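Undergrad: Handing you this structure, nothing more for now.
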Amino acid sequence: MPVPATKESGDVDNLYIFLLVSGLISFIILIGGMVIFIFKYRRKTEDQKSAYITHNTLAEFLWSFIPFVIMMVIFAWGWDVFHDLRKVGEKGDVEVHVTARQWAWTFKYANGIEINSPTGDKLEPNLPDSTLLKPETVVVPLGKTIRFVLTSDDVLHSFYVPAFRNKMDAVPGRRTTFTFTPIEKGDFTVFCTEYCGTKHSNMMATIRVVDSEQFAAWQAAEIGKKAGAADAGPAQRGEALFKGSLGCSGCHSIDGSRIVGPSFKGLYGNKRDFADGSSVVADDAYIKQSILVPTAKVVAGFPPAMSSFQGRIKEEEIKDIIEFIKTLK
């Protein structure tokens, strides 16, 4: 296992070691005693009979009570560790909303900073003595209680960080929590451990633990970038949505290649043929309907796999996406 990187992970390791050691001791006593008894008390002759064994209340009490005490210790210890891993009612020093979708994680802080994983472009964070960060890297401060609030836009996913010894499902229509207190600086990989489709094994992200000063500097830099992005044109904002929070690039290409859904290249103003035999010229109304009610018109040759963005996207964002699609000739 990786080095335990959170306060809770050390507790998990200690409990696990206790279970291994106590299980090994119990195995040696049970199997070792059985082997000794087999040889020591085996029948020596064909007509030998076993001696009458009297009732022993103390022995019967001990072999029942001692395992009971051990089981109760494991139960209480396990409950305490489990409670620390969940901490459902605790807000935390830093709260991040995590949205899972095929096949990416999106992280959104309370101050509006959003980290998206569909794109692999590198960003330059304003962190002292730091390396380049990728968009799928979510930054958290050392020694603070971090609370991730998880949900899913499509199917069941599972958020797992081996170094944290913690795992929590991201369930559509529900909110679950993943709480931890980092005690080691560094980069720690996030995996999806619930099979969720063809690119399941690529659904990874990174949690980067830094000092509080570095975290504050990173936040300030990201807020500045967000303010600059607000001044961009509609097509640029649409491209950022395509590559970022909406996760469009996970299913739709812009170069004509086939992924899960049809490519956006040459979409606007051209004819689309649908599975029911009908067709339409792709205009603003068609693209908007495809975002809000994707099963209304399913493109021929593609499955109706897209989930609706109704209630998850603003009218202005739809317009920006359309303006970006217009540029993909």
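The values are calculated or read from the model by the stated rules, or taken from the named source; none is laboratory data. Quantities reported herein were computed from a predicted structural model and do not represent experimental measurements. Here Cβ is always computed from backbone atoms with ideal geometry, including for glycine, and neighbour counts include all displayed protein chains. Quick note on the areas: whole protein, heavy atoms, side chains included, nothing else; ligands and nucleic acids left out. Shrake-Rupley method; radii C 1.70, N 1.55, O 1.52, S 1.80 Å.
Undergrad: If we scan the stretch 26-36, do we find a residue that is surrounded by 10 or more Cβ atoms within 10 Å (Cβ to Cβ) and polar (S, T, N, Q)? Quick ask: steps written out before the conclusion?
TA: Filtering the stretch 26-36 down to residues surrounded by 10 or more Cβ atoms within 10 Å (Cβ to Cβ) leaves 26-33, 35-36.
Within this subset, residues satisfying the condition of being polar (S, T, N, Q) are 26.
Taking every residue of the stretch 26-36 in turn, at least one turns out to be surrounded by 10 or more Cβ atoms within 10 Å (Cβ to Cβ) and polar (S, T, N, Q).
Undergrad: Can you work out which of the residues in the stretch 299-317 that are outside any loop (DSSP other than H, G, I, E, B) and farther than 17 Å from C251 by Cβ is least open to solvent (accessible area, probe 1.4 Å)?
TA: Here is the first cut: in the stretch 299-317, the residues outside any loop (DSSP other than H, G, I, E, B) are 299, 315-317.
Checking which are farther than 17 Å from C251 by Cβ leaves us with 315-317.
Details: E315: 88, E316: 108, E317: 49 Å².
Top of the filtered list is E317.
Undergrad: Specify the residue that is farthest from the chain's Cα centre (by Cα); the eligible residues are those in the stretch 281-298 that are of a type in the set (A, V, I, L, M) and in a loop (DSSP other than H, G, I, E, B).
TA: Filtering the stretch 281-298 for residues of a type in the set (A, V, I, L, M) gives 281-282, 285, 287, 291-293, 296, 298.
Filter again for in a loop (DSSP other than H, G, I, E, B), leaving 282, 293, 296, 298.
Numbers: A282: 36, V293: 27, A296: 31, V298: 30 Å.
The extreme case among them is A282.
Undergrad: I'd like the residue in the stretch 249-280 that is closer than 13 Å to K326 by Cα and open to solvent by 50 Å² or more (accessible area, probe 1.4 Å) and, out of all such residues, is nearest to the chain's Cα centre (by Cα).
TA: The selected residue is I254.
Undergrad: Taking C196 and the conditions (1) out of contact with any strand residue (DSSP E or B) (no Cβ under 6 Å at 6 or more places or on another chain); (2) over 24 Å from L15 (Cβ atoms), which numbered condition does it fall short on, given that it satisfies the others?
TA: Tallying (1) out of contact with any strand residue (DSSP E or B) (no Cβ under 6 Å at 6 or more places or on another chain); (2) over 24 Å from L15 (Cβ atoms), C196 fails exactly one: (1).
Undergrad: Hey, any hits in the stretch 80-99 for a residue that's modelled with pLDDT of 85 or more, of a type in the set (S, T, Y) and under 30 Å from I259 (Cα atoms)?
TA: yes
Undergrad: Let me ask another. Out of all the residues in the stretch 185-218, which are crowded, with 18+ Cβ neighbours inside 10 Å, touching a Phe, Trp or Tyr at 6+ places or on another chain (Cβ under 9 Å) and not in a loop (DSSP other than H, G, I, E, B)?
TA: Within the stretch 185-218, F188, V190, C192, A205, T206, I207, R208, V209, V210 qualify.
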